[in-house]
Amino acid sequence: MIYGQQRPVDLSTRINRQKQIKVVWNGYYDTYKSQAVIVLQKWWRGYAARKFVEAYRHGHLRDSCPEQLRKELAAVVIQRFWRGWL
């Protein structure tokens, strides 16, 4: 087989068609699944962060949080500042 050329595919039977679809899907899925996961994670983390900041700015978290949660949130802010992520 010469590089860049594809071999002919036998699609004459139902089983061969199913096998070929599976091969194509698995190749496509393996190629793009990690990129899709990264995009979804970025989107979700951004969405969650925006919602959190919005709730915090409006005072929903400060007024209704238990004391322990408020301390944990304060610790996270201090850690982010210290590590340079803020």
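Please treat every number below as a calculation from the coordinates, not as lab data. Predicted model, so just to flag it, every value in this text is computed and none were measured. Every residue, glycine among them, receives a Cβ derived from its backbone with ideal geometry; neighbour counts consider all protein chains shown.
Summary table
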item: Difference of contour (0.36 nm per residue) and Cα-Cα distance, Ala55 to Asn26; result: 6.3 nm
item: Förster-model FRET efficiency, 22 Å R0, Val76 and Leu40, C-beta, rounded to 0.05; result: 0.40
item: Set of lysines with alpha-carbon distance to Lys33 below 24 Å, sequence-local pairs under 8 removed; result: Lys19, Lys22, Lys42
item: Cα-Cα separations in the stretch 3-48 greater than 13 Å, expressed as whole percent; result: 69 percent
